[in-house]
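The values are calculated or read from the model by the stated rules, or taken from the named source; none is laboratory data. Every value quoted in this text rests on a predicted model; they were computed, and no experiment measured them. Counting neighbours? That spans all protein chains shown, and the Cβs are built from the backbone with ideal geometry, glycine included.
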Amino acid sequence: MRSLLFAPADNEKKLEKALASGADAVIIDLEDSVALAAKPAARAIARAFLADNASRAGRPRLIVRVNALATGLTDADLDGVLAGAPDAVMLPKAEGGMSVQHLGAKIAVREAEHDLADGAVKIVAIATETARGVFQLGTYGGASHRLIALTWGGEDLSADLGAEANRLTDGSYADPYRLARALTLMGAASAEVDAIDSVYTAFRDADGLKAECEAARRDGFVGKMAIHPAQIEIINAAFTPSAEAVQRARAIKAAFDANPDLGVIGIDGEMIDLPHLKRAERLLARLR
C-alpha cells in the first residue's frame with residue numbers, strides 16, 4: 001500500500017470521494033474524526049459502505065480505524081462493522097504486540113460469527129501515539145499473523161508528552177518525533193511487516209509533502225497516510241518504484257538466482273552482496 005487515505009465514517013460524501021481518489025487504501029475512520037454522539041450512526045454507515053463496495057472491481061483496500069482499546073468503544077466498533085468484512089482494522093494507540101493480540105482475539109470471534117475465513121481481517125497498528133507505545137516497538141514480531149503494517153503518529157504523541165508542537169519552524173519534526181518515526185521503521189523491519197509513514201497535515205503544501213515522501217521512501221517506508229484526496233497523486237508517485245529501480249532489482253535477483261553459491265557478484269562494475277539482494281527482493285515484492 002503506497003497511499004492510505006482517511007475518511008470520516010459518518011460522512012458518505014467523503015467516503016465516496018476517498019473511494020475514487022486513486023488511493024491504495026481507504027481508512028474508514030471511527031475514531032478522531034467522529035464525535036462520540038455520532039459513532040453509532042457512523043458504524044452503520046461504515047458497514048453499509050463496506051457491503052456496497054466489497055465486490056467492486058479494482059477497489060482500494062478498505063480499512064476501518066476503530067477506537068483505541070482503552071476507550072471501551074472497540075467492541076461496539078467491531079460489532080458494527082465486521083459483518084461488512086473490511087480488509088483490515090487499524091488500531092490507534094497500540095502499545096505493543098499484546099495490543100495486537102488483544103484486538104486479534106476480538107476479531108477472530110466476530111469472523112466466526114459472520115462466517116468469515118479465520119485471519120481474513122488483517123491489522124494495521126498505529127504504534128507511537130503514546131510514550132508507552134514507543135517503548136513497545138520491539139514487541140510486534142510474531143505477535144499475530146494478522147499484522148501487516150506498522151505506522152506512526154506525532155499528533156497524539158505530542159499530546160501525551162505535553163509538547164507545545166511536534167514540528168520545528170522549518171516544518172521538520174522535532175527530535176522526539178524523529179525518534180518515534182525511526183523506531184517505527186525498525187519495529188516494522190523487526191516484525192517483517194510494512195512500515196507506513198505518518199500523515200502530512202499541511203495538505204496544501206505539495207512541495208513539503210513530496211519532500212517528506214521522498215525522505216520516507218529513502219529510509220525504508222513503503223507508503224504514507226493521507227488526510228486529503230489531493231495528496232494521493234504525490235504519494236503514489238513517490239512510492240512507485242521507478243522503471244530503472246525495478247530493472248536493477250530484477251538484474252540483481254536474476255544474478256543471484258543463477259549463482260546461488262555466491263555471496264558477492266559483480267554487476268555493471270559494482271560488487272553486489274546479500275544486503276543488496278534483500279533490498280532488491282523487497283522492492284520486487286511491492287510490485288505484486
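Details
- Looking only at the range 263-288, and only at residues there that are farther than 25 Å from residue 192 by Cα and hydrophobic (A, V, I, L, M, F, W, C), the one that is surrounded by the fewest Cβ atoms within 10 Å (Cβ to Cβ): 271
- Boolean, residue 165 is out of contact with any helix residue (DSSP H, G or I) (no Cβ under 6 Å at 6 or more places or on another chain) and assigned to a helix (DSSP H, G or I): no
- Residue identified as assigned to a helix (DSSP H, G or I), hydrophobic (A, V, I, L, M, F, W, C), surrounded by fewer than 21 Cβ atoms within 10 Å (Cβ to Cβ) and at pLDDT 95 or above among 185, 157, 209: 185
- Condition met for residue 146 (touching a Phe, Trp or Tyr at 6+ places or on another chain (Cβ under 6 Å), surrounded by 14 or more Cβ atoms within 10 Å (Cβ to Cβ) and either modelled with pLDDT of 95 or more or within 15 Å of residue 127 (Cα to Cα) (or both)): no
- Identity of the residue in the range 173-182, under 21 Å from the mean Cα position of the chain (by Cα) and either modelled with pLDDT under 95 or of a type in the set (D, E, K, R) (or both), that ends up surrounded by the most Cβ atoms within 10 Å (Cβ to Cβ): 181
- Test result for residue 287, among the hydrophobic types (A, V, I, L, M, F, W, C) and assigned to a loop (DSSP other than H, G, I, E, B): yes
- Taking the conditions (1) in contact (Cβ under 8 Å) with a residue 24 or more places away in the chain; (2) surrounded by 13 or more Cβ atoms within 10 Å (Cβ to Cβ); (3) under 21 Å from the mean Cα position of the chain (by Cα) in turn, residue 192 satisfies each one other than (2).
- Among the residues making up the range 221-244, those that are aliphatic (A, V, I, L, M) and within 29 Å of residue 125 (Cα to Cα) are 222, 225, 226, 227, 230, 232, 234, 235, 237, 238.
- Matching residues, the range 166-187, being within 18 Å of residue 201 (Cα to Cα) and among the polar types (S, T, N, Q): 166, 169, 172
- Output for the range 129-166, where each listed residue is closer than 21 Å to residue 33 by Cα, of a type in the set (A, V, I, L, M, F, W, C) and in contact (Cβ under 8 Å) with a residue 12 or more places away in the chain: 150, 152, 157
- Helices (runs of 4 or more DSSP H) within the range 39-126 that include 3 or more residues exposed (fewer than 14 other Cβ atoms within 10 Å of the Cβ): 39-53, 97-113
- Within the range 218-236, restricting attention to residues that are among the aliphatic types (A, V, I, L, M) and within 24 Å of residue 186 (Cα to Cα), the residue that is surrounded by the fewest Cβ atoms within 10 Å (Cβ to Cβ) is 222.
- Residue match in the range 17-30 (condition: surrounded by fewer than 15 Cβ atoms within 10 Å (Cβ to Cβ), outside any loop (DSSP other than H, G, I, E, B), of a type outside the set (S, T, N, Q) and at pLDDT 95 or above): no
- Checked against the criterion of being over 13 Å from the mean Cα position of the chain (by Cα) and under 20 Å from residue 149 (Cβ atoms), the candidates 21, 3 yield just one match: 21.
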